[in-house]
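Okay, so here's the structure we're looking at.
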Amino acid sequence: MIKQPESFLPLSQATYYILLSLREVRHGYAIMQDVEKISRGEVTMGPGTLYGALGKLEKQKIIQKVDIDDAERRKYNQLTPLGKEVLQLEFKRLESLVKNARSIIKEMEGEEDDC
């Protein structure tokens, strides 16, 4: 039975950034560096966390290994079509959360000024 993309949501923060990093083919160390860059330093990942997540994502068919001739024998990964769909759905979910809360948060900030 094929799982629906929605069944993988919500993603953890680390998983979301890993999938964003895999917008292009990368090996593990490059993923760690890119995650730190695109999260503006908010997310740093150790090898254990990263490789555990990559293994799980591969089993779920969200990412797949790619054969690249690399003298250093690095393992490269990329998003599958399912992975792209999951990432896009998670982006839309997060965007909706922020959009729906924006006016409420602004209202709350205004109340604090009145104190």
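Here the helices (runs of 4 or more DSSP H) wholly within region 2-115 that include at least 3 residues being polar (S, T, N, Q) are 13-21, 81-114. Can you pull out every residue in region 13-40 that is surrounded by fewer than 16 Cβ atoms within 10 Å (Cβ to Cβ), closer than 21 Å to Glu95 by Cα and in contact (Cβ under 8 Å) with a residue 40 or more places away in the chain? Selection gives Arg23 alone.
Across region 19-46, which residue is nearest to the chain's Cα centre (by Cα) among those that are of a type in the set (A, V, I, L, M) and more than 19 Å from Asp67 (Cα to Cα)?
Narrowing region 19-46 to residues of a type in the set (A, V, I, L, M): 19-20, 22, 25, 30-32, 35, 38, 43, 45.
Filter once more, keeping what is more than 19 Å from Asp67 (Cα to Cα): 20, 32, 35, 38, 43, 45.
Values: Leu20: 5, Met32: 12, Val35: 9, Ile38: 10, Val43: 11, Met45: 12 Å.
Top of the filtered list is Leu20.
Each reported figure results from applying straightforward, stated rules to the coordinates on display, with no laboratory input. In this text the structure is predicted, and so the values were computed from the model without any measurement. A quick note on method: Cβ atoms are made from the backbone with ideal geometry, for glycine too, and the neighbour counts reach across all protein chains shown.
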